[in-house]
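The values are calculated or read from the model by the stated rules, or taken from the named source; none is laboratory data. The structure displayed is predicted, hence computed values, not measured ones. Positions of Cβ are generated from backbone atoms using ideal geometry, with glycine treated the same way; all protein chains shown enter the neighbour counts.
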Amino acid sequence: MNLSIEPSGAICGANLRGIDLSAPLSSEATAAIRAAWLKHRVVAFPDQVMDDDALERFTVAMGGFGEDPFFDPIPGRRHIAAILREATEQTPLFAENWHSDWSFLDTPPAGTCLLSIEIPPVGGDTLFADQIAAFAALPEERKDFLRGLKAIHSARGAYAPDGAYGTKDQGRTMAIRPSEAALATQTHPLVQIHPETGEEGLFSCAGYIVGIEGMADTDAIALLVDLLAWQGREEFTYRHQWQTGMLVLWDNRSVLHKATGGYEGHRRELHRTTIAAWQG
Ligand code: SIN
């Protein structure tokens with residue numbers, strides 16, 4: 001194995017080279033990739049020749065498949081969804097707000113894999129915000145206050161029938177399947193200890209967090225909006241630029257992410273899997 005790790009120079013993110021993901025990974029390579037992922041939070045593998053079998057194999061090696069509600073998988077696969085936007089599409093951009101994938105589930109996915117299939121010549125970067133760093137930079141008094149809060153998560157704003165991707169969202173080519181199941185709520189501590197690294201960080205954000213347990217809605221929303229501005233501050237972010245033949249793996253327990261536009265008139269397609277919660 002000849003793995004080289006090039007940190008992005010930003011708060012998180014690294015390129016990993018010298019490993020061929022079209023072939024099964026050795027246990028040594030798997031361990032080295034997982035270690036780099038936990039340290040850099042977002043790792044990109046440029047210049048890969050991967051098909052969907054290779055994407056599935058990589059996902060299994062990193063921890064197995066997570067649950068993916070509200071998406072239909074691509075034909076012939078149970079666990080791969082297409083993040084897709086046609087060149088002529090006019091719908092609002094998918095996932096343009098900070099989020100941690102499926103944080104409203106009982107056991108949210110540890111990570112997400114995104115494999116580029118077709119990348120526009122301009123725009124379409126993905127932004128990441130390091131929530132371990134964002135929490136660490138808060139004043140101690142604020143940290144103590146936040147440590148005591150339980151956040152109420154829900155997919156309703158996005159995937160309920162009247163949500164952003166619900167019945168009024170016409171003309172989208174991505175296979176999003178809104179449903180009443182999005183109205184469910186799930187509580188998670190607002191500040192979490194990363195199960196694998198022991199680091200403390202903010203988990204998820206306004207968008208999928210719809211309230212704070214025991215707090216009036218107006219106060220909770222004000223707190224979440226204020227916190228969101230902090231969570232996405234430039235010093236905590238890394239801007240990822242895509243190339244074709246690139247796999248990116250990120251850690252949903254330590255970063256938020258969001259899509260960006262700027263590629264009007266061009267097609268963009270990536271294949272996505274999620275990695276199951278870590279079992280220890
Ligand atoms: C996602 O949130 O899964 C998609 C990110 C992107 O399209 O850049």
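Of all residues in the range 74-114, those being hydrophobic (A, V, I, L, M, F, W, C) and not in a loop (DSSP other than H, G, I, E, B) number 6.
Here Val210 fits the description: over 23 Å from Arg17 (Cα atoms), touching a residue at least 40 places away in the same chain (Cβ under 8 Å), crowded, with 18+ Cβ neighbours inside 10 Å and among the aliphatic types (A, V, I, L, M).
Looking at Phe135, is it under 17 Å from Thr274 (Cβ atoms) and more than 10 Å from the ligand (Cβ to nearest atom)? The answer is no for Phe135.
In the condition set (1) within 16 Å of the ligand (Cβ to nearest atom); (2) touching a residue at least 24 places away in the same chain (Cβ under 8 Å), Gly163 is compliant with all but (2). Would you mind stating whether Ala155 is buried (at least 21 other Cβ atoms within 10 Å of the Cβ) and within 15 Å of the ligand (Cβ to nearest atom)? It is true that Ala155 is buried (at least 21 other Cβ atoms within 10 Å of the Cβ) and within 15 Å of the ligand (Cβ to nearest atom).
Scan the range 225-280 for residues that are surrounded by 16 or more Cβ atoms within 10 Å (Cβ to Cβ) and either without any contact (Cβ under 8 Å) to a residue 12 or more places away in the chain or among the acidic types (Asp, Glu) (or both) and jot them down. Of everything in the range 225-280, those that are surrounded by 16 or more Cβ atoms within 10 Å (Cβ to Cβ) and either without any contact (Cβ under 8 Å) to a residue 12 or more places away in the chain or among the acidic types (Asp, Glu) (or both) turn out to be Asp251, Glu269. One residue alone among Thr187, Thr197 is assigned to a strand (DSSP E or B), in contact (Cβ under 8 Å) with a residue 24 or more places away in the chain, of a type in the set (Ser, Thr, Tyr) and surrounded by fewer than 16 Cβ atoms within 10 Å (Cβ to Cβ), and that residue is Thr187. Among the numbered conditions (1) within 14 Å of the chain's Cα centre (by Cα); (2) buried (at least 20 other Cβ atoms within 10 Å of the Cβ); (3) within 19 Å of Thr173 (Cα to Cα), the only one that Glu96 does not meet is (2). The residues of the range 166-181 that are in contact (Cβ under 8 Å) with a residue 60 or more places away in the chain and of a type in the set (S, T, N, Q), listed by number, are Gln170, Thr173, Ser179.
No other residue among Glu140, Glu86 is over 14 Å from the mean Cα position of the chain (by Cα) and surrounded by 14 or more Cβ atoms within 10 Å (Cβ to Cβ) apart from Glu86.
Scanning the range 26-64 for residues that are crowded, with 18+ Cβ neighbours inside 10 Å and under 11 Å from His79 (Cα atoms) yields a total of 3. Remark: pairs (first residue in the range 133-146, closer than 17 Å to Glu234 by Cβ; second residue surrounded by 11 or more Cβ atoms within 10 Å (Cβ to Cβ) and of a type in the set (Phe, Trp, Tyr); Cβ separation under 9 Å; 6+ apart in sequence or on different chains) = Ala133/Phe236; Ala134/Trp230; Ala134/Phe236; Ala137/Trp230; Ala137/Phe236; Leu138/Trp230.
Those strands (runs of 3 or more DSSP E) of the range 203-257 in which at least 3 residues are over 22 Å from Ile117 (Cα atoms) and modelled with pLDDT of 95 or more, considering only elements entirely within it, cover 209-212. Across the range 62-121, the qualifying residues are those that are more than 30 Å from Thr187 (Cα to Cα) and among the charged types (D, E, K, R), and the one among them that is nearest to the ligand (Cβ to nearest atom) is Arg85. Might you check whether a residue that is under 19 Å from the mean Cα position of the chain (by Cα) and either of a type outside the set (Ser, Thr, Tyr) or surrounded by 16 or more Cβ atoms within 10 Å (Cβ to Cβ) (or both) occurs anywhere in the range 17-25? Checked the range 17-25: no residue is under 19 Å from the mean Cα position of the chain (by Cα) and either of a type outside the set (Ser, Thr, Tyr) or surrounded by 16 or more Cβ atoms within 10 Å (Cβ to Cβ) (or both).
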